[in-house]
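> Before I ask anything, here is the structure I am working with.
The values are calculated or read from the model by the stated rules, or taken from the named source; none is laboratory data. What you are looking at is a predicted structure, and each value in this text was computed from that prediction instead of being measured. Every residue, glycine as well, gets a Cβ built from its backbone with ideal geometry; the counts of neighbours run over all protein chains shown. Just the protein is used for accessible areas: all its heavy atoms, side chains included, with ligands, DNA and RNA removed. Shrake-Rupley method; radii C 1.70, N 1.55, O 1.52, S 1.80 Å.
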Amino acid sequence: MTEGTTGGATAGLRRDAIGLREVLFQSVTAMAPAAAVAASIPSGAAFAGGSLPLAVLIALVACLFTASCVAELARELPAAGSVATYAARGLHPAVGFLVGWGYMFVEALVPPLLLLQLGFTVAGTLHEEWAFWPADLWWPWSLAGAAVIAVTGYLGVRASARFGTVLGVFEVAVLLVFAGWLIAKAGSHNTLSVFGTSHTAKEYGGFSGVFAGSVYTVLAFAGFEAAAPLAEETRDPRRTMHRAVLGAALGIGLFYVVTTYAMTVYFGPDRFAGFGAAGDASWEGVARASFGLFWVLVFLAVVNSAIANANACANVSTRTAFALARIRVMPRVLATLHPRYRSPVAGVAVQTAVAVGAVLGLGFGYDPVTAFLLLATVIVTVVIGVYIVVNLACAGYFLRRGRASLRPVRHLLLPLLGIVAFVPALLTAAGLPVFDFVTELTAPVSYAGPVVGVWMAAGVIVLVVLIRRHPERVAETARVHLEEADDPTHAVDLRNGDPTR
């Protein structure tokens, strides 16, 4: 059968379905800016204190190193396989397969992660407002979110991406307006000293506190690469992907700096070490205490962010699964597309089943917050590992292309700096106490490491079987199908697993 077909009918992902705006917000919403501002970034305050804006700025610069590498590869290799294709071309097809295996797994876990957050956030807020609403009645909201994501995924990339764009605009606008209000209210307390080291937490004085805060803040940037798997459905993908990946990382990074600065100067830099994700010393707490009903908009922005992030990452997981299935290294059924919407309907169905199963299984097996932390640890550990490999792949790809294409700073120095930036974050996410600010993980969150290990070990076994029985399929992880569709004379030499042109 023709790739991406079912029953012999030719089908492919819908070409030229979306443009820069939709693709940009695919990455923006995958970064979950409102949720990151309200819940993720404040985790760095325990270390950086009132110098958290400096920590966020450092994290932004660090993440731009890797974003630049992803953008360069996305321009060169516009493929639904995205990071798997980059690793296959830049390093080796076997590495590409393992990257795709791990990336597909964790991106499929992001929707249940966000649906759990949606459930306990809404239930907790309703209980706080109306005591009769049970605080533990979280699951109906999670299932409602799963239904919304399934429908948008079924209707195709155009509906899903436009839905994400609307949600993304809303959450960013709400937080920016609130930040502007906070800066105005801070008045004479506005100060650039928060971009220095004088306000760090007492236990982590000076730059050590800022560094620790930046490591935790780096995790809020995960998702900037989420535009890349939509390359085959995007107009002018080479130019659009490059702009979307870099634009999302830079734009949302500056958004993080502005919003963190606003809350720091309003709340007070010298007491900001006690700021967190819940209670009076939180974004919602400040909005409730000082700005009346504005807290409702902040609450809605966080809820909106959870849905938008789940939607964006469902797009990523289903497109990655499609890319691996059409070359038959994953079950071929995952390459089945809807005849009208050209959406990967089998992938959407599997994604929905995984989301509902993980939400209900882990949510009731532990509790929704513990399940959230477990999934988050699994996801971040693998995603940061993928970023490190992609940095290596960027250097490898351009070294293979020769000196004519190689730009030493862009293709060698920036990948090296990206690796250096993400190694501390990887150790922190895994709970490895290499630094004194890293907390060792406890059960059941500590199960994340074994879960990742088992999944990747299974991937190695599948890879060995494929290499022995179907080596040509592994080699095809390096194929950029869009190139061949546009130019039938363009072919990649895949013999013996060689991904060179």
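> Give the range 362-374 a look and list any residue that's outside any helix (DSSP H, G or I) and either closer than 9 Å to L113 by Cα or of a type in the set (D, E) (or both), or say none.
Result: D367, single match.
> Could you tell me whether V359 is open to solvent by 20 Å² or more (accessible area, probe 1.4 Å), part of a helix (DSSP H, G or I), in contact with a Leu (Cβ under 7 Å, 6 or more places away or on another chain) and within 24 Å of G168 (Cα to Cα)?
no
> Any residue in the range 420-442 that is under 20 Å from L392 (Cβ atoms) sitting within a Cβ distance under 7 Å of a residue that is of a type in the set (F, W, Y) and surrounded by fewer than 20 Cβ atoms within 10 Å (Cβ to Cβ)? List the pairs, counting only those 6 or more apart or interchain.
Once the first residue is under 20 Å from L392 (Cβ atoms) and sits in the range 420-442, its partners that are of a type in the set (F, W, Y) and surrounded by fewer than 20 Cβ atoms within 10 Å (Cβ to Cβ) give P424/F435.
> Right, next: Residue pairs, Cβ under 6 Å, 6 or more apart or interchain, first in the range 205-227 and among the β-branched types (V, I, T), second at pLDDT below 90. List them.
Short answer, once both residue conditions are applied: V215/P424; V215/A425; V215/T428; V218/A425.
> Shifting gears a bit: Which of (1) free of Cβ contacts under 8 Å to residues at least 12 places away in the same chain; (2) over 30 Å from S208 (Cβ atoms) does E107 not meet, given it meets every other one?
Only one criterion in (1) free of Cβ contacts under 8 Å to residues at least 12 places away in the same chain; (2) over 30 Å from S208 (Cβ atoms) is unmet by E107, namely (1).
> Need at least 2 residues that are among the polar types (S, T, N, Q) per element, so show me which helices (runs of 4 or more DSSP H) inside the range 197-299 make the cut, counting only ones lying wholly within it.
Because the criterion is at least 2 residues that are among the polar types (S, T, N, Q), the helices (runs of 4 or more DSSP H) in the range 197-299 that meet it are 207-218, 237-267.
> Can you find, within the range 280-308, the residue that is farthest from A262 (Cα to Cα) among those that are open to solvent by 10 Å² or more (accessible area, probe 1.4 Å) and among the polar types (S, T, N, Q)?
Step by step, filter the range 280-308, then rank; the result is N304.
> Can you give me the number of residues within the range 115-151 that are modelled with pLDDT of 95 or more and among the β-branched types (V, I, T)?
The number of residues fulfilling the criteria is 3.
> Let me ask something additional. How many residues does the range 393-418 hold that are buried (at least 20 other Cβ atoms within 10 Å of the Cβ) and closer than 30 Å to S43 by Cβ?
The qualifying residues number 5.
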